[in-house]
1. Could you calculate the contour length gain from Glu136 to Ser104, that is, 0.36 nm times the residue separation minus the distance between their Cα atoms, to one decimal place in nm?
2. Calculated FRET efficiency, Glu174 and Ser71, Cβ-Cβ r, R0 30 Å, to nearest 0.05?
3. How do 129-135, 165-171, 87-93 rank on mean C-beta neighbours within 10 Å, highest first?
Amino acid sequence: FIFTKSKRNFVELDSIRFESWFCQQDWHETRAEDICSGCSVRLLVDPLKDTIYSFPVREEMGSMFSGNRLSKEEMEVVINKAKEIVSSYPVVVFSKTYCGYCQSVKQLLTQLGATFKVFELDEMSDGGEIQSALSEWTGQSTVPSVFIKEKHIGGCDRVMEFNKQGKLVPLLTEAGAIANNSSQL
């Protein structure tokens, strides 16, 4: 890789350590092509540390990023499964157990007194496929992915912003997930 006008550090992470590390970081990401080997890689830029992290995108890593190779028909089936899940509960949080952003959203909803259903994708046999389907359906490839009354709200930042603006409690109340006397935190 050649990076111009930058003196960034370059760190490669193996796929085993990457998934648990990935959700704990706060940086921008982009895809690039490794010219030497033709291997598809993902570049992660941490502007605070002025570091670029790189790892190869392999078939077995697909479930982390909606990279599962599902046929159009398979994708349709999994999207329908995700839609069925979302329609079955007033509030649904698609999450991963090790993700700090997911923990923050679940903690906020609990503090607000909301009842909600959590699906931990990293503990589900088809979690990678469901995450791919959610990405295809909503355009959001990361977790948490929050739905209230079948409407996709978004991830951690969006949920926190809704709460800060005083919009979250009314949505949860309308969905029947909290009693009318709950207040904004």
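1. On the way: separation 32, 0.36 × 32 = 11.52 nm, distance 2.44 nm.
Here the segment from Glu136 to Ser104 would lengthen by 9.1 nm.
2. On the way: r = 38 Å, r/R0 = 1.26.
Calculated value: 0.20.
3. 129-135, 87-93, 165-171
A short reminder: the numbers here are calculations on the coordinates, not readings from a lab. Please read all numbers here as calculations on a predicted model, not as lab measurements. A quick note on method: Cβ atoms are made from the backbone with ideal geometry, for glycine too, and the neighbour counts reach across all protein chains shown.
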